[in-house]
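Below: the structure, in structure tokens.
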Amino acid sequence: MRQKKKSQKISAMCVIAGGILWGCISIFVKRLTAGGCSSLQIAMIRGIFGATMMAGYLLIKDRRLLRIRLRDIWIFVGTGIISLALFNWCYFSAIQQSQASVAVVLLYTSPIFVMLMSAVFFQEPITKRKVAALLMAFAGCVLVAGLLGGDYRLSLHVLLLGIGSGFFYATYSIFGRVALRRYDTLTVTAYTFLFATLGTLPMGDLPGVGRLLAADPKMILWCLGIAFFCTVLPYLFYTSGLQGLEAGKAAVLATVEPLVGTVIGVALFGEPFGLMKAMGILCILAAVVILR
């Protein structure tokens, strides 16, 4: 029992670490956007650079981890195209068309979807503690985004993009759990990025990205940064955490992302910070403590 609790704590720490790294993504999105990249191109960049990093690592570490069965391709279509590519497009579009903190709070409708889908597909119980943590986390996200008592007006277009990002993000916890029953964490992550790339290539204008990078070689560093720090590492952490946690619990723990996103938005982008956001941060931290 003690060993199980220790394993769950390590898994929880992995999920939280993933959430922290995801919270830093607006730094890279804003810079790549300023460099002329569209939301689809940024999604494609994450996939290409992330898949290249993972494939290179596995070729050196253990090539057997690159083997998958053809009948399981649907799983990686789910984790890569549905969960990552579509999520990226919705999320980055929301960031570009609104405040970073607003995009983050809309993204974190995802625990609601995860909890409901996990109950249906994995028979995970919806406990009072989970519901309480979910409500606190979502309330915290709303406060952090300044949607109560603020001057920000949320357009229907941004709302749909944000909820879409939350839904597609939530499906990773479902497809990821299925994939982990058959494959190693490294294999799941590598093929997720590969299929995400395949999903964005037709619309991402790869030659256009090439021209942007050729015109400003420093952009390559930002591409490497978003791929390593906000794609490869957090997905490895989160996927590893899913092995020892219920999907619903993991989704709520990952709500540390808006906390980090808010701090970055205030510190780097000059977004407003007041009592409401402070209360929101406390609510998110309380939700994490409840599920510790």
Worksheet entry | Pick from region 176-201, criterion of a type in the set (Ser, Thr, Tyr) and in a helix (DSSP H, G or I), ranking: nearest to Ser39 (Cα to Cα) | Thr200
Worksheet item: Would you call Phe168 buried (at least 22 other Cβ atoms within 10 Å of the Cβ) and assigned to a helix (DSSP H, G or I)?
Response: yes
Worksheet item: How about region 264-292: which of its residues are surrounded by 17 or more Cβ atoms within 10 Å (Cβ to Cβ), more than 19 Å from Gly241 (Cβ to Cβ) and among the β-branched types (Val, Ile, Thr)?
Response: Ile264, Ile281
Worksheet item: Is region 39-52 home to any residue that is open to solvent by 40 Å² or more (accessible area, probe 1.4 Å), closer than 30 Å to Phe269 by Cβ and not hydrophobic (A, V, I, L, M, F, W, C)?
Response: yes
Discussion item. I'm checking my understanding of the structure. Among residues of region 235-263 that are assigned to a helix (DSSP H, G or I), of a type outside the set (S, T, N, Q) and open to solvent by 20 Å² or more (accessible area, probe 1.4 Å), which one is modelled with the lowest pLDDT?
Written reply: Leu259
Worksheet item: Restricting the search to region 202-219, which residues are in a helix (DSSP H, G or I) and open to solvent by less than 70 Å² (accessible area, probe 1.4 Å)?
Response: Gly204, Gly208, Val209, Gly210, Leu212, Leu213, Met219
Worksheet, complete the sentence: For Glu271, the lone unmet condition from (1) charged (D, E, K, R); (2) under 22 Å from Cys24 (Cβ atoms); (3) not in a loop (DSSP other than H, G, I, E, B) is (3)
Worksheet item: Does region 91-107 hold any residues that are surrounded by fewer than 24 Cβ atoms within 10 Å (Cβ to Cβ), part of a helix (DSSP H, G or I) and not small (Gly, Ala, Ser), and which are they?
Response: Gln96, Gln97
Worksheet, complete the sentence: The one condition Thr52 fails out of (1) modelled with pLDDT of 85 or more; (2) in contact with a Leu (Cβ under 8 Å, 6 or more places away or on another chain) is (2)
Worksheet item: Condition test on Pro217, is it farther than 23 Å from Leu107 by Cα and modelled with pLDDT under 90?
Response: no
Item to complete: Select from region 10-25 the residues that are open to solvent by 20 Å² or more (accessible area, probe 1.4 Å) and in contact with a Gly (Cβ under 9 Å, 6 or more places away or on another chain) and write down the one among them that is nearest to Ser93 (Cα to Cα).
Response: Cys24
Discussion item. Can you say whether Ile60 is farther than 25 Å from Leu198 by Cα and either open to solvent by 20 Å² or more (accessible area, probe 1.4 Å) or part of a helix (DSSP H, G or I) (or both), as far as the supplied structure shows?
Written reply: no
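The values are calculated or read from the model by the stated rules, or taken from the named source; none is laboratory data. Everything quoted here is computed from the prediction, not taken from an experiment. Methodologically, a virtual Cβ is constructed for each residue, glycine included, from the backbone with ideal geometry; neighbour enumeration extends over all protein chains shown. To get the accessible areas, we keep the full protein, side chains included, count just its heavy atoms, and leave off ligands, DNA and RNA. Shrake-Rupley method; radii C 1.70, N 1.55, O 1.52, S 1.80 Å.
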